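Worksheet for the structure shown next.
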Amino acid sequence: DGCDVLAAAVLGFIHRDFSMETGDATFLLQRWGLNTYLYGPKDDLKHRMLWREMYLEEEAVHLKALIQAAHACGLQFIYALSPGQDIIFSNSYDVVLLKRKLRQVAGLGCKAFAILFDDIDHTLCQVDKDVFSSFAHAQVSVANEIFQYLEEPCTFLFCPTEYCNSLCYPCLAKSAYLKTIGEELLPGIGVIWTGTKVISKELTEESIKEVQEVLQRRPLIWDNLHANDYDSKIVFLGPFKGRPIGLGPHLQGLLLNPNCEFEANFIPIHTLGSWFRSIHRMRKHSASASKEESGAYCPEEALSRALQDWTEEIGKSVLPGAPDVISNETATVWKPCEIGEDREQETQVLTQLDSASQELEASHETPGLTDLRLLVGLFYLPYEHGDKAQHLLKEFQWLKANSSCISIAVKKDMTSYHIFSLFLQVDEWRSRALHFKQECDNLLHLHSRIIKSTNRAFLYDLYPYVWDVRNTTLLAKAFVLWLGDLFIPFPLICDVLLLSHSTVGPLLHLSPEYSFILEDDRGLCGYALGVMDVKSFIKNCEATWFPAMREKYPQASYTEVSAHFDRNRLATYPDSLLYHFPSLVHVEVLPDVLDSSVARCLATCLLLALKVNGSQGVFCEMLPTDQLHLEFFTKLGFLEIFRSDAVHHEDIVLGRLL
């Protein structure tokens, strides 16, 4: 029949409240017509690293609750164990420990199991070499024994060490390892396969048939299309695609390894359910039936349906860690008291949740269907971007490649045709640059709407990725504006900031390689400036900066500023200070920038830049009464090292070694 098992393989969903993830994950699978939940989270050390250890009583209670929740939703629960890193196959004691561990899980109600030997060393220890003729024979021996010990459960899966074409030696058809697996593994054991690669862009019927022939059974696909556990900076929100429904008869099943963030998996699981239902429809109708009746699966149509449902889901007010929706229509539900907690504490939690919910509703701005479609397009799939992301990248590359037309000057020997052609090029470039700026602004508005969402569970899971998009967008927008000479001229920034702090101007002018500017939607809002060698910097100020400033700003207009220049010029730093701390840093961020992490990141970039270029220590100056800056630099590891009239009046000096 094919595809007897379809699931989302939930590998990392215990990073938040366990009981909440249990209910949400199993309900989500049931809701979209899937039938299996595979448990193998890397967060659970007793799944892989500490596989020999039994679950403690409290841990067993949690795992049993997860198994029961899956069964209550009509889902098959598969418990996976990964002993391959350090198991001694010929050691009967290790095999006994493996049996004991699985017997404990079986006692919690689990009836399906998986033994995983993925991502491990191929070589056997000397003890095993004396017993087994090959690595494959060792794995098969243990897997068969465990399968029989568990009385040959209906679902028992085996993940080989060569689990995709690219890992086969020398190739799939000639792999001695897989040949042994296919011949020696008991026929009731299913074999896991990921496709041509660890993350396969497409799966074809031809490739699956080849695997089926080598393994002598239909493989079960472990699909890593949406997995992001290998890179914390990416997430995949696109639809399930690249797997034709014609694969169904050739598979034992398909497990989808999802994103680590629970809220990021709505569309992957929703569209996987559509794909699965298409297979069932295909079985019920003949080849002569219409496209809709025959069960044809269209990823774009499935994505549109999923986006509609996701928009409704995100419109609900949900706090992170809360298992159910908090809204006017749905009663608030909290997890049962943990061991050691009392009812009074639970009541306090409920009160806090209700209060937080009311506050969130007051500033509510739900991301709409257009917002979510844009978000999905930005974080689509491993091998492709969504339409909007592709368009933005294409436009950015065009603007960069054709920006030279902006700087071409009209010459006397140019013909009218050439001049007109140049004007057309410039006009096209500026028009596309303006449109690109507007699209960047739309992305920035997307960020603003998402952070105001009352669905905080959705926000907290996706915020790091939305924040990266925001920062990248600001950078791309500023770069394009600068290309077209639409960006605020650099000297103008110096002049504006000069009036707020007299050291900013010379730092920007004489040390631009250590100048970091911070912008938000409104424009310039902070900076982190540095000097590698203060002694050389002071000499350059004496020689170039101060004379130029006195000439530029007449005494009558900028008396106080000029006097401050003179004071700076006369200031000297003790050699004892500069010997250990030769570099100077200066960081300022506007007070209305509420996210303190931004200033820390800015300062960290500057410190790293100075360190990699040879600085052994940095210092900064401030008034003793400036508690805000004192606290900020102290948290960065700065300590007070100098306080004297030799330094600018009452300033104190904080320093840090790099």
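The values are calculated or read from the model by the stated rules, or taken from the named source; none is laboratory data. Quick caveat, the model's predicted, so the values are computed rather than measured. So basically every Cβ, Gly included, is an ideal-geometry build from the backbone, and we count neighbours across all protein chains shown. Protein only, heavy atoms only, side chains kept; ligands, DNA and RNA dropped before computing areas. Shrake-Rupley method; radii C 1.70, N 1.55, O 1.52, S 1.80 Å.
Computed with a 1.4 Å probe on the full set of protein chains, the accessible area for Phe420 sits at about 130 Å². Using equal-weight Cα scatterers in the Debye expression, the normalised intensity of the stretch 202-290 in log10 at q = 0.17, 0.24 Å⁻¹ is -0.79, -1.19.
In the stretch 79-191, inverting the average of 1/r over every pair of distinct C-alpha atoms gives 14.4 Å as the Kirkwood radius.
Computing FRET efficiency as 1/(1 + (r/R0)^6) for Arg103 and Arg31, where r is the C-beta to C-beta distance and R0 is 35 Å, gives about 0.60.
Measuring r between the beta carbons of Cys601 and Val131 and using R0 = 51 Å, the FRET efficiency lands at 0.40.
Simple spin-label estimate for Asp231 and Arg522 gives 3.6 nm between the two label positions (7 Å along the Cα-to-Cβ direction from each Cα).
Phi angles across the stretch 426-439 convert, under the Karplus curve 6.51 cos²θ - 1.76 cosθ + 1.60 with θ = phi - 60°, into 3J(HN,Hα) values of 5, 5, 5, 4, 5, 5, 5, 5, 5, 5, 5, 4, 5, 5 Hz, Gly and Pro given as x.
Give, in nm to one decimal, the length gained when the segment between Gln438 and Arg550 is fully stretched (0.36 nm per residue of separation minus the Cα-Cα distance).
36.2 nm
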